[in-house]
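Asker: Below you'll find the structure I mean.
The values are calculated or read from the model by the stated rules, or taken from the named source; none is laboratory data. No experiment lies behind these values; they were computed from the predicted model shown. Heads up, the Cβs are rebuilt from the backbone with ideal geometry, glycines too, and the neighbour counts pull from every protein chain shown. Ligands, DNA and RNA are stripped out before the accessible areas are found, and what is left, the full protein with its side chains, is counted by its heavy atoms. Shrake-Rupley method; radii C 1.70, N 1.55, O 1.52, S 1.80 Å.
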Amino acid sequence: MQTLQTLNQQFGREGGVTFETGSGGLVRAVLRSAGSEAQVYLHGGHVTHFAKVGERPLLFMSNESLFQAGKAIRGGVPICWPWFGPRSGYPESPMHGFARTSLWTVEGAEMSGGETSLRLGLKDTEETRKLWPNGFWARYTVTISDRLTMRLEVVNTGQGPMQFEEALHTYLAISDIKSAEIEGLGGVDYVDKTDGMAVKTQGGKPMRIVEETDRIYLNTKSTCTVRDAGLKRKIVVSKENSEATVVWNPWIAKAKAMADFGDNEWQSMVCIETCNVNAHAVTLAPGASHVMTAIVGSQSL
Ligand code: TA6
């Protein structure tokens, strides 16, 4: 078991990486680079904070989030793996897989060239194999500079082929959902989860959120931009090796129905999720690996 003391001894880096007790008594890493800071909980491998020095955080965190074993943190960047949403055929399996409620192990920490990175790992256990009978090594590298880079590598350490879905379920902090404009998905087909999974095509104009929105955009490698006039910035979410993007805002009723989400918090967030889900699930042969990367940055308007 990695304790605060052993973590700081082995992976603490002067001026860049320290480990401390965070909310709910959970261990978190505090990362600092020349121009930014971040916080990453070992619970779920969960990035809960990223901000450029002197600027408002880019990630939304719910004030009502739980920080306890077995529960996902609400906000930041949940790691949804090895399935996305409800697991078809297994109603008792946890939503969005087990990675976001597992304790990840610190495997490395590095500072170089103005960047600070932390590498976390998650391997199969008897418990995970009961739930999902595969051997795996998930390796998650969080790197901060003037932007946040999250690199999720999955290795199939088992004897047979392995199929999984994955999503870096990024909650972005915005001043007002009603004035936000999302660009990058024009003309892309999507599955509308608020309309019986109907397949539709996104129009060409910048997208505005005017109701509960829960869409899986398919066959898209595009960078998404969220224009926030209120904060005079645009947040840019780019990606590598991801074929799908989910856009989600719970709106009023769903926000009220979530105990770990403030009734009015739907107004100050939108999820732009970097994924391989649905038709884009990943299949790995024994010994093979796959890397998906999400990069979150911002520019002034
Ligand atoms: O990514 C959108 C979504 O799949 C929504 O359907 C909603 O369930 C959201 O994820 C949050 O899921 P969670 O299990 O974190 O409450």
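Asker: Quick one: Ile235 ticks every box in (1) modelled with pLDDT of 95 or more; (2) within 16 Å of the ligand (Cβ to nearest atom) except a single one, so which number is it?
Answerer: Failed condition: (2).
Asker: Looking only at region 133-157, count how many residues are touching a residue at least 24 places away in the same chain (Cβ under 8 Å), part of a loop (DSSP other than H, G, I, E, B) and out of contact with any Asp or Glu (no Cβ under 8 Å at 6 or more places or on another chain).
Answerer: 2
Asker: So, one more: Restricting the first residue to region 170-192 and requiring it to be closer than 17 Å to His280 by Cα and free of Cβ contacts under 8 Å to residues at least 12 places away in the same chain, which pairs with a second residue that is hydroxyl-bearing (Ser, Thr, Tyr) and open to solvent by 50 Å² or more (accessible area, probe 1.4 Å) meet a Cβ separation below 6 Å and a spacing of at least six or different chains?
Answerer: Pairs that qualify, where the first residue is closer than 17 Å to His280 by Cα and free of Cβ contacts under 8 Å to residues at least 12 places away in the same chain and the partner is hydroxyl-bearing (Ser, Thr, Tyr) and open to solvent by 50 Å² or more (accessible area, probe 1.4 Å): there are none.
Asker: Considering region 59-99 alone, what residues qualify as being in contact with a strand residue (DSSP E or B) (Cβ under 6 Å, 6 or more places away or on another chain) and open to solvent by 40 Å² or more (accessible area, probe 1.4 Å)?
Answerer: Met61
Asker: Using beta carbons and a limit of 8 Å, which pairs, at least six apart or on different chains, have the first residue in region 264-287 and without any contact (Cβ under 8 Å) to a residue 40 or more places away in the chain and the second one open to solvent by less than 60 Å² (accessible area, probe 1.4 Å) and among the aliphatic types (A, V, I, L, M)?
Answerer: Asn264/Ala255
Asker: Can you pull out every residue in region 158-199 that is part of a strand (DSSP E or B), open to solvent by less than 60 Å² (accessible area, probe 1.4 Å) and over 26 Å from Leu231 (Cβ atoms)?
Answerer: Met162, Phe164, Glu166, Tyr190, Val191, Asp192, Ala198
Asker: Scan region 114-126 and tell me whether some residue there is surrounded by 20 or more Cβ atoms within 10 Å (Cβ to Cβ), over 27 Å from Gly15 (Cβ atoms) and within 22 Å of the chain's Cα centre (by Cα).
Answerer: Looking through region 114-126, at least one residue is surrounded by 20 or more Cβ atoms within 10 Å (Cβ to Cβ), over 27 Å from Gly15 (Cβ atoms) and within 22 Å of the chain's Cα centre (by Cα).
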